[in-house]
Amino acid sequence: MSRALVLGGGGPVGIAWETGLIAGLAENGVDLARADHILGTSAGAFVGSQIAMGRSAVKMADAMLAEAERPRPVPTPAPGGPDVLALIGRAREAAARGDPAAARREIGAFALAAQTIDEQSFIRGFGRALSELQADVWPERGYACVAVDAESGALVVWGAEQKVGLARAVASSCSVPGVFPPITIGGRRYIDGGVRSATNADLAVGHDLVVVVAVRTGLAELSGSLEAELKTLRDDGAAVELVGPDRRSLEALSVNLLDPAGRPAAARAGLGQGRALAARLSGLWR
């Protein structure tokens, strides 16, 4: 049976929650990192890249919990910058007026004109585990992440066959418009894959079982609702398991998802949810 793991976007706070969730599951015998294919968008692109490269989600979560005592510098938006949810709302409104690609181009133009930190500083902010990789490194395990061409509005899925370095691919998927810089790859500039969809779950067709982890399950997307994406997977014959935040996790995620100060609480909530969820998923994820 072919298994896929889809990890959605949600800023630095979403990174912490997803990491805690995966760690809590792993502690109880459900190792999502053993998926045949991992597809990440934005925050999920980073988390997915790390577990695909063999990093321990438990150790990653421990490091995030420790930030409560000694915060670690992470890519941080300038004070007063746009909120990620407001940007998704803007994209949704633009899409409702017509061609979704045109809406993505509008957001891309906004991103290209914005004053942000430079690309290298943004990439360094992800830490040594990503920024110090050799330019041609890619996980041996099936992994891909989603970005959007800032000029054309076209969707791009970075995988091993594209021969793009992991650090730049992940950074492009995490480049929240107006907050972080569009990332240059092959002479073109790319922005957050969440501009197309916070999950892009419909891109995981072709697998027997798909576990979709969504930081915010109630958002409508440029490509249609999350429900429509899940329907695409089911129509393709997949068994689909959607994992969204439980009550405690919702409380931890009810902050500015781009504010790294919220990471320890989100990691703790995700860890607890993962531990509680393991019994339900253990029968599916063998």
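The values are calculated or read from the model by the stated rules, or taken from the named source; none is laboratory data. These numbers come from a predicted model, not from an experiment. A quick note on method: Cβ atoms are made from the backbone with ideal geometry, for glycine too, and the neighbour counts reach across all protein chains shown. Just the protein is used for accessible areas: all its heavy atoms, side chains included, with ligands, DNA and RNA removed. Shrake-Rupley method; radii C 1.70, N 1.55, O 1.52, S 1.80 Å.
What do you reckon, is PRO82 at pLDDT below 95, in contact with a Pro (Cβ under 9 Å, 6 or more places away or on another chain), buried (at least 16 other Cβ atoms within 10 Å of the Cβ) and of a type outside the set (Asp, Glu)?
Here the answer is yes, as PRO82 does meet what is asked.
How many residues are over 19 Å from ALA204 (Cβ atoms) and of a type in the set (Val, Ile, Thr) when one looks only at the range 231-286?
Qualifying residue count for the region: 1.
How many residues, within the range 185-210, are open to solvent by 20 Å² or more (accessible area, probe 1.4 Å) and under 16 Å from the mean Cα position of the chain (by Cα)?
Looking only at that region, the number is 4.
Could you give me the residue pairs with C-beta distances under 9 Å whose first residue belongs to the range 59-75 and is over 16 Å from VAL47 (Cβ atoms), whose second residue is open to solvent by 20 Å² or more (accessible area, probe 1.4 Å) and at pLDDT 95 or above wherever it lies, and which are 6+ apart or on separate chains?
From the range 59-75, the pairs are ALA68/ALA265; ALA68/ARG268.
What are the residues in the range 182-206 that are closer than 22 Å to GLN134 by Cβ, touching a Ser or Thr at 6+ places or on another chain (Cβ under 7 Å) and either among the aliphatic types (A, V, I, L, M) or assigned to a loop (DSSP other than H, G, I, E, B) (or both), if any?
The answer is ILE183, ILE185.
Filtering the range 242-261 down to residues that are modelled with pLDDT of 95 or more, surrounded by 19 or more Cβ atoms within 10 Å (Cβ to Cβ) and not hydrophobic (A, V, I, L, M, F, W, C), which residue is nearest to GLU229 (Cα to Cα)?
The qualifying residue nearest to GLU229 (Cα to Cα) is PRO245.
Going residue by residue through the range 166-184, is there one that turns out to be at pLDDT 95 or above, out of contact with any Gly (no Cβ under 9 Å at 6 or more places or on another chain), farther than 23 Å from LEU257 by Cα and open to solvent by less than 30 Å² (accessible area, probe 1.4 Å)?
Yes, some residue in the range 166-184 is at pLDDT 95 or above, out of contact with any Gly (no Cβ under 9 Å at 6 or more places or on another chain), farther than 23 Å from LEU257 by Cα and open to solvent by less than 30 Å² (accessible area, probe 1.4 Å).
Just give me the residues in the range 118-152 being closer than 22 Å to VAL195 by Cα, open to solvent by less than 70 Å² (accessible area, probe 1.4 Å) and assigned to a loop (DSSP other than H, G, I, E, B), in sequence order.
Of everything in the range 118-152, those that are closer than 22 Å to VAL195 by Cα, open to solvent by less than 70 Å² (accessible area, probe 1.4 Å) and assigned to a loop (DSSP other than H, G, I, E, B) turn out to be GLY125, PHE126, ALA150, SER152.
Going through ALA135, ALA150, ALA101 one at a time, which residue ends up being in contact with a Gly (Cβ under 6 Å, 6 or more places away or on another chain), at pLDDT 95 or above and over 18 Å from GLY10 (Cα atoms)?
ALA150
Could you tell me which of the residues ALA267, ALA279 is assigned to a helix (DSSP H, G or I) and out of contact with any Ser or Thr (no Cβ under 7 Å at 6 or more places or on another chain)?
After ruling out the rest, the residue left standing is ALA279.
Check ALA276 against each of (1) open to solvent by 40 Å² or more (accessible area, probe 1.4 Å); (2) modelled with pLDDT of 95 or more; (3) over 28 Å from LEU65 (Cα atoms) and name the one condition it does not meet.
(3)
Run down ARG268, ARG234 and say which single residue is at pLDDT 95 or above, over 20 Å from LEU5 (Cα atoms) and open to solvent by 20 Å² or more (accessible area, probe 1.4 Å).
Just a single option satisfies the conditions, and that option is ARG268.
Name the residues in the range 10-32 that are within 15 Å of the chain's Cα centre (by Cα), modelled with pLDDT of 95 or more and open to solvent by 10 Å² or more (accessible area, probe 1.4 Å), would you?
Across the range 10-32, the qualifying residue is only ILE15.
What residue, among those in the range 217-231 that are under 22 Å from ARG104 (Cα atoms) and open to solvent by 60 Å² or more (accessible area, probe 1.4 Å), is modelled with the highest pLDDT?
GLU227
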